[in-house]
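What follows is a short report on a single structure.
Bear in mind that the values in this text are calculations on the coordinates, not laboratory data. Quick caveat: nothing in here was measured; it's all calculated off a predicted structure. When we count neighbours, we look across all protein chains shown, and the Cβ atoms used for this are built from the backbone with ideal geometry, even at glycine.
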Amino acid sequence: MSDYNRQNPNQQSKTDNLFSQFNSKFEWMAQIPTMQLPAKYAGALIGLIIVVIAWKMISVSKVESDMAKKLESERAIITQQAREYADQQYVKEEERFGQVLSWAVRGELIRNNIDQIDQYLSEIVRMKDTERVVLIGEDGQLLVSTDKRLEEAKGTEIFPKEILNLQKISVRSDVDGKKILVVPVMGLNKKIATLVVSYKQPKF
């Protein structure tokens, strides 16, 4: 073999060059297990990853929180609008009811037919959630009451003057914690009495 190499020096040189090139191309692969980033760079990289993850979590949490607040706000607005609409419809119905009641009571009151008015009011107080109905004269005297415990009382002792002085059908919800329907009873030229229907407080 050595005699052959001595006899073919060019062939030997080519073989050595080929092996040298092959080794140089794959030399970096042998160094991979021993290549390491400096500690400060590795720490910075880990810190950057942590910051990115934390920022993402905070951003997602903020978006979810904002969406929840927006949905809650929209729900509150819709609920408020529905309640206001229901209240408006309720007031309209109560005003219609009060107008009819006023007409019925006025005729009997002009004829001084108190017993008939008492029968009217006794029927009304049987309606759902109705607590009592009173008829108070323009002079402040109690004319009729479905609550017999009030028969000796004066109208001004039951309701304040600002209620009894109302000149149009009104619904109030803050009188002694109760909702009331105030119905002025009009004569030919002036108010002659006031009907007040009190409703029981709703149970929650």
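Brief remarks follow.
- Summing Lys and Arg as +1 and Asp and Glu as -1 over all other residues whose Cβ lies under 14 Å from the Cβ of Val63 gives a net charge of +2.
- FRET efficiency, 1/(1 + (r/R0)^6) with R0 30 Å, evaluated for Ile77 and Lys128 via beta carbons: 0.45
- Modelled this way, with points 7 Å down the Cα-to-C-beta line, the labels at Gln116 and Glu151 are 2.2 nm from one another.
- Taking a Cβ cut-off of under 9 Å around Pro184, the surrounding Lys, Arg, Asp and Glu residues balance to a net charge of +2, with basic ones at +1 and acidic ones at -1.
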